[in-house]
Amino acid sequence: MQLYDQNKTKNQYTKTNKILMALIIITILIIMLIIVIMIILYKNADKKVALVNGESKNEIFDLLKLEQKEDGEYEVWVPIKQIASYLGYNGYNGEYNSVTEDKNKCYVISVDKEEGQENTKEGEKEVANFELDSNIISKLDLTESNSEYEFCEVQDKIKQFDGELYTTIEGIEKACNVSFKYDKDKDKEQITIYTQEYLVDFYKDAIQQKKYSGCKELDTTYFANEKAIFENMLVIKSDNEKYGVVNANTGEVILESKYDQIKYLQFNSTFLVSSNKKYSIVSSTGKTLVNPEYDELKLMDSKNNYYVAKKNNLYGVIDGKGKEIIYIENRQIGLDSSIYQKNGVKSGYILFDKLIPVLKNKKWGFYDIKGNKIGQFKYDGIGCNDENGNSIYGLLVLEDYNFVVVKYNNKYSFITEDGKDDILPFKFDTMYIKVWGGQTKYYMKSDEKQYNILRTLESMEIKKKDSKDTEVFETVDDNENTTATNNTSNSNTNELSNESTSSNSVTKSNNSNNNEKNNQTTNKNSSKTN
């Protein structure tokens, strides 16, 4: 009986050992399996991660173009129109306010998606224009009336890949108001993007949680003020209904909450401020750059850091340090550029990066960018916006020639960027642009006769600003009931050309034939006199 019990115990012990051994083996196998799975997961893990406002958008990597530089680093190129939809923008071919499909240009418009206004004008806040081989991005704030374009310069020019325009990360950041980070090492690539809209909402929550003492709310009086976020600054409205600026990370006061108005200027990280009805400019460190002595200050040119300054109902131009470029003694500086948007005018303050239109003593004239007077102050007006009709728009400049439309003795002609106004005689009742059949044409009228401006200048051998031979402008008229037809427009053009030559109004375009005709006319007149 005792032997039986011993055998039973021995069998149970053996059985237990086998179970334990089996459990150990199973445990080891499970651990090995977990390790294998982890290795497989690691090897198969997505090594490309793209996050937009914290959400995974890995497909963005398929849009990018990488170019290796001489130092071995990579330059990242981003397709402008395609990336726009990820950043709260819509993208289009051509140029804003110009209905074309020019693939050498494109523009993007920000939209307020929270309000469901993706395809409406109400949701548009800002537009940015791009052009192939240019490193200038022109931006227009659509939240302000009669706002001027701001010009952002980027290091690399716009490129084209497979028919699409691309810019660098710097270009996308400046154009679309985003933070765009690209990180790459041997194991992983990551893109991290934060939009302005997302950051604004984030800091609104921080303000509601009383993170910043004395702060009532984030100031969104100007769309431009929200952009201060990218410099870790917040324009805030305080409990005393005044405005100030604080550091977004620390809450440290940069500008005290004592101003009636603050506007952030992104291109140089300064603030245009007003207090007690006087305007000044203050740096992001709190230093006063322009003293508070002006009744009004308005940015007119971000390239040169110029401002229109007003005192005692007179206007002049100062730079960002308060130096007077044009004395404050004029009735008006610049023109309303919104009238001439179809003419491609982006600034009514500076034309061709050189001419500043100025009204003084009821007459118009020009200063150059350095504040030197050009020509005489004798013109009744600058630009022509007399015509009103279907697809007809005002004319201010001829870009290909650097000519400006001016009015003298109630008639129109042109002035050059150097102040010469002898291109054509002052005999035209109106000048205008007509958009017809997908083309933009330029016309002028005199005594009810219509002339094609570009054909007229070409017939007079007046060269475009690049002095290169260019394609003859379309000569077919628009099948409309106008005074110029296919047959008569050529004769009208020649008539105008001859009139201009005989009156010595165009000196640099006289050819030998015109000189001969003038000499013959002179000889005949002399014979009659004798």
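Residues that are crowded, with 17+ Cβ neighbours inside 10 Å, assigned to a loop (DSSP other than H, G, I, E, B) and without any contact (Cβ under 8 Å) to a residue 60 or more places away in the chain within segment 323-342 comprise just one, G334. When K373, K407 are screened for being surrounded by fewer than 19 Cβ atoms within 10 Å (Cβ to Cβ), modelled with pLDDT of 95 or more, among the charged types (D, E, K, R) and in contact with a strand residue (DSSP E or B) (Cβ under 6 Å, 6 or more places away or on another chain), only K373 passes.
K174 passes every criterion in (1) at pLDDT 90 or above; (2) surrounded by fewer than 18 Cβ atoms within 10 Å (Cβ to Cβ); (3) assigned to a helix (DSSP H, G or I); (4) charged (D, E, K, R) apart from (2). If you go through segment 213-225 and pick out every residue that is in contact (Cβ under 8 Å) with a residue 40 or more places away in the chain and under 26 Å from the mean Cα position of the chain (by Cα), you end up with 5. Condition (residue is among the polar types (S, T, N, Q), closer than 17 Å to S147 by Cα, surrounded by fewer than 20 Cβ atoms within 10 Å (Cβ to Cβ) and touching a residue at least 40 places away in the same chain (Cβ under 8 Å)) applied to segment 255-273: is it met by at least one residue? There is at least one residue in segment 255-273 that is among the polar types (S, T, N, Q), closer than 17 Å to S147 by Cα, surrounded by fewer than 20 Cβ atoms within 10 Å (Cβ to Cβ) and touching a residue at least 40 places away in the same chain (Cβ under 8 Å).
Of the numbered criteria (1) of a type outside the set (D, E); (2) part of a loop (DSSP other than H, G, I, E, B); (3) at pLDDT 95 or above; (4) within 33 Å of the chain's Cα centre (by Cα), the one I415 fails is (2). Checked against the criteria, E293 counts as more than 28 Å from the chain's Cα centre (by Cα) and surrounded by fewer than 22 Cβ atoms within 10 Å (Cβ to Cβ). Picking from residues in segment 184-208 that are more than 28 Å from the chain's Cα centre (by Cα) and assigned to a strand (DSSP E or B), the one that is modelled with the lowest pLDDT is K184. Working only within segment 237-256, note down all residues that are farther than 15 Å from K287 by Cα, at pLDDT below 95 and in a strand (DSSP E or B). Result: K237, S238, N247.
The values are calculated or read from the model by the stated rules, or taken from the named source; none is laboratory data. In this text, all values refer to a predicted model and were calculated from it rather than measured experimentally. Because the Cβ atoms are built from the backbone with ideal geometry, glycine has one as well, and the counts that use them run over all protein chains shown.
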